[in-house]
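The values are calculated or read from the model by the stated rules, or taken from the named source; none is laboratory data. Model, not experiment: these values are computed from the prediction. We place every Cβ from the backbone using ideal geometry, glycine too, and count neighbours over all the protein chains shown.
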Amino acid sequence: MEEAVAPSGLPKAMLLGFMFVVIGIVLIIASAIYATMRSGGKTGFGAVVVIGPVPIVVGNNPTLVKIAVIGAIILMVLAFVLILVPGILAKKGLPP
């Protein structure tokens, strides 16, 4: 069976995934611009960058930093679970 290929030569699923990423980035930028215009230029930010086991936390608003840290913890736990589940299912003889 032949894989569906877009005119650019990329598989359609890969092209669709790339399009979703680009659309997501555009929406994030648009919402940041909208929030800045709506608040009169007074916005706060909080971010967490995890490099290996070391989290780097930045921000200018303590509440937003706490939200960013909680979000990062949730995403790390979710990633950990998604990494472990296929192995657990394989040990039980179930398909992942």
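The residue list ALA90, ALA47 contains one member that is within 30 Å of SER31 (Cβ to Cβ) and either aliphatic (A, V, I, L, M) or under 17 Å from the mean Cα position of the chain (by Cα) (or both), which is ALA47. Selection over segment 34-54 of residues that are surrounded by fewer than 10 Cβ atoms within 10 Å (Cβ to Cβ) and β-branched (Val, Ile, Thr) gives a count of 2. Can you find a residue that is among the β-branched types (Val, Ile, Thr) and not assigned by TED's automatic domain parsing to the domain that holds ALA79 anywhere in segment 45-56? Checking segment 45-56: not a single residue is among the β-branched types (Val, Ile, Thr) and not assigned by TED's automatic domain parsing to the domain that holds ALA79.
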